[in-house]
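K.L.:
Please find one structure pasted underneath; my questions will follow.
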Amino acid sequence: MKVLVPVKRVVDYNVKVRVKSDNSGVDIANVKMSMNPFCEIAVEEAVRLKEKGVVTEIIAVSAGITQCQETLRNAMAIGADRAILIETDVDLQPLAVAKLLKAVVDKEQPRLVILGKQAIDDDANQTGQMLAALLGWGQATFASKVEVAGDVATVTREMDGGLETISLKLPAIITTDLRLNEPRYATLPNIMKAKKKELAIVKPADLGVDVAPRLTTLRVDEPPKRQGGVKVADVAALIDKLKNEAKVI
Amino acid sequence: MSTYQAPLKEFQFLLETVAPLAELSKLEHFADATPDTVRAILEESAKFARDVLDPLNWSGDREGSKRNADDSVTTPKGFKAAYDGYRAMGGAALPMPEEFGGLGLPRSVVTLTDEMLHSSNMGFGLMPMLTQGAIEAILLAGSDTLKATYLEKMVSGRWTGTMNLTEPQAGSDLALVKTRAVPQADGTYRVFGTKIYITYGEHDWAENIVHLVLARLPDAPEGVKGISLLVVPKMLVNADGSLGARNDVKCVSLEHKLGIHASPTAVMQYGDNGGAVGYIVGQENRGLEYMFIMMNLARFGVGLQGVGIAERSYQRAVSFARERVQSRDVAAPKEPSVPIIRHPDVRRMLLRMRSQTEAARALAMATAYAIDLSDAHPDEDTRKANKAFADLMIPIVKGWSTEMAQDVTYNGVQVHGGMGFVEETGAAQYYRDARITTIYEGTTAIQANDLIGRKMAREGGVTAKALIGTMRAFAASMGASHNVNLKSSQAKLIAGIDAVERAVEFNLSNFNSNVRACFAGSVPMVKLFGIVCGAWVLARVALEADRRIGTGHPDKAFYEAKIATLRFYTDTMMPEALAAADTIVNGADGTLALAEASF
């Protein structure tokens, strides 16, 4: 069984990001970039399925600028067998990514697509769901446990109220939550071997997909700075402040 | 709170300047070490250091290793699992030949991964360092059988290695070694004796420990020419590679030390029950010779410990100085108190820490690059010239980087004030851990003797003079820059090179006629070379930074910091180099004047 794992290159989670001075977005020049942590979990899950003998081939795919090749090499160092980069300088939004992935799925015919539930840069949490809709496949989002037997995946999902276990017919989409697994460190020999694995590069036009942005970002601001606390004299003063200053009651 | 973050950007820049990786990967030998692969390797190693090793550093120090009644040793909680992770990653294999399962990466890359180990957890980092040394010894002189039996398992980290040199009466002077190796009819030896200060001589991470032991054969000549090197495994190895009986070697106690508490420092007893089985490495009576070839790398490794611990100490001090609010800005006495990083003297301490660490790291990288070229360059003259440069630099990398680490970790405590003196802050541990680095693998004085004797006087100063010429040519090329900071540093660098030249001349012209005078100034010679060569490599880095700023590189702040750091260093460290040169040339009479009885 083939599995497709889309991965996204994002600002490293250790980096404290700054908003650009013109408020047009976040400054990502010269900051460290890494694979989105949820995508790392997706790669790890695919590798575990391969180690169990459920999966035979893992294809990592990414969409974006040339440097996304590093992210794909990283996925191959963890255990993906080959990779596809859909190369474009256009700022990609979830719908465009979902359409690109659909085109790759049509071509590669995987039985399973495992994605991170969201990316830590825009926190959109949309691509997996959109891809499921475009393909007409079943989806299990926010997975914290995955078992695949024959043509059925049994997935435990993390919900607000607790855990939900569902089964779904393949082909299907799974998006990963934080507790699904703990990704391994890429071994250094595998990092070197990853260099020799196949990495194909295609353009959105080759896949017949229009990736032009549909949404416009109006303005990006830093979160407001936290104000220092004050000590109130009595309950009446507290209620007064809550009513008139914070305006929460 | 401070978490170790490997200075990856700095590493990358060094791989583009003083140790140009792009050049190395053009050589057939290092064809796989392409810049993108190396970047991925450094990033993954940095993650491991940050997430696994750094969090164990303090608990490992508190808990320490413990010896049990059955002679086994239990390492601190979490260390075995960390080692399993390190092994699984293939960490142990990096510099080793591919023939035995290694990755064959250049020393220029391994220098950085080793630094990360020592920055995040020196007590842990000692094990890979010692095992690398033991592997080198077997590679260098071991028979094919020894190589086939031990190397692959050691390269994969399944078995670990130790170096057994010291005995109670034989420290710096290994000619005094008394451990006996008695030849047997079957070609093996029986080893009897006591070895002390054996790092990771016993532990709970691996199923076998391969001890490399210096010993004396019954008919061996006196002194250094009568010492042999043997492999003595903890568990005997069967012909099929499986483990056999326990050998006659055990850990009889652990030392109580000032630092590196996580690592067990064992007293090893050989041959209490009939003799430990040993296998000769290379030829009889040539052990010390092999040991010295290998020792070069071990000394280089300890120099990296100095750099690593200094970097960690600096990171923690900066983090504290940004958070700790105390006293008003001296220039704004009416304003509220400020984070102490605004105080000029704290700035001085932090820059002193940072600039020395960066200089020592860049010097280690320039040396590593020379080691790589001496190993792998197709042209023989290039190989020879680089070997000579690396040999000259190794006592400086070892001697100076570890001495500067004392100064750096001292200031690391000082920045913290009273908080630095209590253990919970973490700064004190670096100060204690750093302390061993000027002692083991040859004290600073031993490095200094090596520098002024073997590496300088013995060859008439050829390599030292060539280095002076190289530095002069570089300093002249700095004149092309319009940057005022670089101009100022250029003048100071030239003054430093003049001082080196003066001191080298003194050493060469007095070595035969007044040798005691030369040795009286040997440690200042290490310092002089360290500071001046450090300025030279920092300036090479800063010059490239200046060029990149000129091309409108977006990461201007990073490159400006390189130039500012050089400026501070040449302004405040270089005077110490000039003073060291004065001590060398004029200090001997005073040093030797007091009669022995008057002490």
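The values are calculated or read from the model by the stated rules, or taken from the named source; none is laboratory data. Since we're looking at a predicted model, the values are computed, not measured. Neighbour counts are summed over all protein chains in view; Cβ atoms, including those assigned to glycine, are modelled from backbone coordinates with ideal geometry.
K.L.:
Taking segment A:218-249 as the search range and keeping residues that are in a loop (DSSP other than H, G, I, E, B) and basic (K, R), which one is nearest to A:D22 (Cα to Cα)? Steps first, please.
P.N.:
Of segment A:218-249, the ones in a loop (DSSP other than H, G, I, E, B) are A:218-234, A:246-249.
Restricting the remaining residues to those that are basic (K, R) gives A:219, A:225-226, A:231, A:247.
Values: A:R219: 9, A:K225: 19, A:R226: 22, A:K231: 37, A:K247: 31 Å.
Result: A:R219.
K.L.:
Right, another one. Counting only residues that are in contact with a Leu (Cβ under 8 Å, 6 or more places away or on another chain) and more than 20 Å from B:F124 (Cα to Cα), give me the strands (runs of 3 or more DSSP E) lying completely in segment B:150-246 with at least 2 of them.
P.N.:
Passing ranges, in order: B:180-183, B:189-199, B:208-215, B:228-233, B:235-237, B:243-246.
K.L.:
Something else now. What's the number of the only condition in (1) among the charged types (D, E, K, R); (2) within 14 Å of chain A (Cβ to nearest Cβ); (3) over 23 Å from B:P7 (Cβ atoms) that B:D114 fails to meet?
P.N.:
It fails just one condition, (3).
K.L.:
Now for a separate question. Identify, from the list A:A60, A:A80, A:A46, the residue that is out of contact with any Ser or Thr (no Cβ under 6 Å at 6 or more places or on another chain), assigned to a helix (DSSP H, G or I) and closer than 20 Å to A:E182 by Cα.
P.N.:
A:A46 is the lone residue from the list that is out of contact with any Ser or Thr (no Cβ under 6 Å at 6 or more places or on another chain), assigned to a helix (DSSP H, G or I) and closer than 20 Å to A:E182 by Cα.
K.L.:
So, one more: Mind counting the residues in segment B:429-472 that are closer than 16 Å to B:F389 by Cα, in contact with a helix residue (DSSP H, G or I) (Cβ under 6 Å, 6 or more places away or on another chain) and acidic (D, E)?
P.N.:
Adding up the residues that qualify gives 1.
K.L.:
Give me the residue from segment B:205-256 that is of a type in the set (K, R) and either touching a Lys or Arg at 6+ places or on another chain (Cβ under 8 Å) or farther than 17 Å from B:D70 by Cα (or both) and, out of that set, modelled with the lowest pLDDT.
P.N.:
B:K225
K.L.:
Hey, another quick one. So, of the residues in segment B:456-471 that are part of a loop (DSSP other than H, G, I, E, B) and free of Cβ contacts under 8 Å to residues at least 60 places away in the same chain, which turns out to be surrounded by the most Cβ atoms within 10 Å (Cβ to Cβ)?
P.N.:
Of segment B:456-471, the ones part of a loop (DSSP other than H, G, I, E, B) are B:456, B:460-461.
Of the ones still in play, those that are also free of Cβ contacts under 8 Å to residues at least 60 places away in the same chain are B:460-461.
Working: B:G460: 11, B:G461: 21.
Here the residue is B:G461.
K.L.:
Could you check segment A:112-157 and list, in sequence order, the residues that are outside any loop (DSSP other than H, G, I, E, B), β-branched (V, I, T) and surrounded by fewer than 23 Cβ atoms within 10 Å (Cβ to Cβ)? First the steps, then the outcome.
P.N.:
Taking segment A:112-157 as the starting set, the residues that turn out to be outside any loop (DSSP other than H, G, I, E, B) are A:112-116, A:127-135, A:138-149, A:152-157.
This time we only want the ones that are β-branched (V, I, T), so: A:113-114, A:127, A:141, A:146, A:148, A:152, A:154-156.
Answer for segment A:112-157, where residues must be outside any loop (DSSP other than H, G, I, E, B), β-branched (V, I, T) and surrounded by fewer than 23 Cβ atoms within 10 Å (Cβ to Cβ): A:T141, A:V146, A:V148, A:V152, A:T154, A:T156.
K.L.:
Sticking with this one: Quick one: which of A:K2, A:K32 is surrounded by fewer than 22 Cβ atoms within 10 Å (Cβ to Cβ), modelled with pLDDT under 95 and in contact with an Asp or Glu (Cβ under 7 Å, 6 or more places away or on another chain)?
P.N.:
Numbers: A:K2 fails: modelled with pLDDT under 95.
Exactly one residue qualifies, and that residue is A:K32.
K.L.:
Consider B:E284 carefully, then state whether it is more than 25 Å from B:H203 (Cβ to Cβ), in a loop (DSSP other than H, G, I, E, B) and not aliphatic (A, V, I, L, M).
P.N.:
It is true that B:E284 is more than 25 Å from B:H203 (Cβ to Cβ), in a loop (DSSP other than H, G, I, E, B) and not aliphatic (A, V, I, L, M).
K.L.:
Any idea which of B:F519, B:F558 is within 28 Å of the chain's Cα centre (by Cα), part of a helix (DSSP H, G or I), in contact (Cβ under 8 Å) with a residue 12 or more places away in the chain and within 14 Å of another protein chain (Cβ to nearest Cβ)?
P.N.:
From the options B:F519, B:F558, the qualifying one is B:F558.
K.L.:
Please enumerate the residues belonging to segment B:334-357 that are without any contact (Cβ under 8 Å) to a residue 40 or more places away in the chain and either under 18 Å from B:A405 (Cα atoms) or assigned to a helix (DSSP H, G or I) (or both).
P.N.:
B:I341, B:R342, B:P344, B:D345, B:R347
K.L.:
Next question, about the same structure. Working only within segment A:18-77, note down all residues that are within 14 Å of chain B (Cβ to nearest Cβ), among the β-branched types (V, I, T) and under 24 Å from B:F558 (Cβ atoms).
P.N.:
A:I28, A:V31, A:T66, A:T71 - these are the residues of segment A:18-77 that are within 14 Å of chain B (Cβ to nearest Cβ), among the β-branched types (V, I, T) and under 24 Å from B:F558 (Cβ atoms).
K.L.:
Residues A:K231, A:K203: which one is surrounded by 10 or more Cβ atoms within 10 Å (Cβ to Cβ), among the basic types (K, R) and away from chain B (no Cβ under 14 Å)?
P.N.:
Details: A:K231 fails: surrounded by 10 or more Cβ atoms within 10 Å (Cβ to Cβ).
That would be A:K203, the only listed residue that is surrounded by 10 or more Cβ atoms within 10 Å (Cβ to Cβ), among the basic types (K, R) and away from chain B (no Cβ under 14 Å).
K.L.:
Cβ-Cβ distance below 8 Å, separation of 6 or more or different chains: which pairs start in segment B:24-38 with a residue that is without any contact (Cβ under 8 Å) to a residue 60 or more places away in the chain and end on one that is outside any helix (DSSP H, G or I) and among the aliphatic types (A, V, I, L, M)?
P.N.:
What qualifies is B:S25/B:A31; B:S25/B:A33; B:P35/B:L15.
K.L.:
Follow-up. Out of (1) surrounded by 21 or more Cβ atoms within 10 Å (Cβ to Cβ); (2) at pLDDT below 95; (3) not in a helix (DSSP H, G or I), what's the single condition that is false for B:G104?
P.N.:
Of the numbered conditions (1) surrounded by 21 or more Cβ atoms within 10 Å (Cβ to Cβ); (2) at pLDDT below 95; (3) not in a helix (DSSP H, G or I), the odd one out for B:G104 is (1).
K.L.:
Condition first: within 30 Å of B:T162 (Cβ to Cβ) and crowded, with 19+ Cβ neighbours inside 10 Å. Can you find one or more residues in segment B:472-492 that meet it?
P.N.:
First, the residues of segment B:472-492 that are within 30 Å of B:T162 (Cβ to Cβ): none.
No, segment B:472-492 contains no residue that is within 30 Å of B:T162 (Cβ to Cβ) and crowded, with 19+ Cβ neighbours inside 10 Å.
K.L.:
When only residues in segment B:568-579 that are assigned to a helix (DSSP H, G or I) and buried (at least 22 other Cβ atoms within 10 Å of the Cβ) count, which is farthest from the other protein chains (Cβ to nearest Cβ)?
P.N.:
Taking the candidates together, the pick is B:A577.
K.L.:
Is one or more of the residues making up segment B:75-96 more than 22 Å from B:N121 (Cα to Cα) and free of Cβ contacts under 8 Å to residues at least 12 places away in the same chain?
P.N.:
So far as segment B:75-96 goes, no, none of its residues is more than 22 Å from B:N121 (Cα to Cα) and free of Cβ contacts under 8 Å to residues at least 12 places away in the same chain.
K.L.:
So in segment A:158-196, with the set limited to residues that are without any contact (Cβ under 8 Å) to a residue 40 or more places away in the chain and within 14 Å of chain B (Cβ to nearest Cβ), which one is surrounded by the fewest Cβ atoms within 10 Å (Cβ to Cβ)? Quick ask: steps written out before the conclusion?
P.N.:
From segment A:158-196, those without any contact (Cβ under 8 Å) to a residue 40 or more places away in the chain are A:158-169, A:179, A:185, A:188-189, A:192, A:196; that's our starting set.
Narrowing the set further to residues that are within 14 Å of chain B (Cβ to nearest Cβ) leaves A:185, A:188-189, A:192, A:196.
Details: A:Y185: 21, A:L188: 24, A:P189: 18, A:M192: 21, A:K196: 9.
In this case the residue turns out to be A:K196.
K.L.:
Also, quick follow-up: Could you list all residues from segment B:340-376 that are surrounded by fewer than 19 Cβ atoms within 10 Å (Cβ to Cβ) and touching a Lys or Arg at 6+ places or on another chain (Cβ under 6 Å)?
P.N.:
Answer for segment B:340-376, where residues must be surrounded by fewer than 19 Cβ atoms within 10 Å (Cβ to Cβ) and touching a Lys or Arg at 6+ places or on another chain (Cβ under 6 Å): just B:I341.
K.L.:
Where residues in segment B:418-455 are of a type in the set (G, A, S) and without any contact (Cβ under 8 Å) to a residue 24 or more places away in the chain, which of them is surrounded by the fewest Cβ atoms within 10 Å (Cβ to Cβ)?
P.N.:
Once the filter is applied, the top-ranked residue is B:G418.
K.L.:
Hey, can you tell me all the residues within segment A:134-187 that are farther than 22 Å from A:K99 by Cβ, touching a strand residue (DSSP E or B) at 6+ places or on another chain (Cβ under 6 Å) and of a type in the set (S, T, Y)?
P.N.:
A:S144, A:T154, A:T156, A:T165, A:S167
K.L.:
Against the conditions (1) of a type in the set (G, A, S); (2) more than 25 Å from B:D219 (Cβ to Cβ); (3) surrounded by fewer than 22 Cβ atoms within 10 Å (Cβ to Cβ), where does B:A134 fall short? Just the number, please.
P.N.:
B:A134 satisfies all of (1) of a type in the set (G, A, S); (2) more than 25 Å from B:D219 (Cβ to Cβ); (3) surrounded by fewer than 22 Cβ atoms within 10 Å (Cβ to Cβ) except (3).
K.L.:
Looking at B:A215, B:A245, B:A276, B:A220 in this structure, which one is touching a strand residue (DSSP E or B) at 6+ places or on another chain (Cβ under 9 Å), touching a residue at least 60 places away in the same chain (Cβ under 8 Å), surrounded by fewer than 24 Cβ atoms within 10 Å (Cβ to Cβ) and more than 30 Å from B:V110 (Cα to Cα)?
P.N.:
The unique qualifying residue is B:A220.
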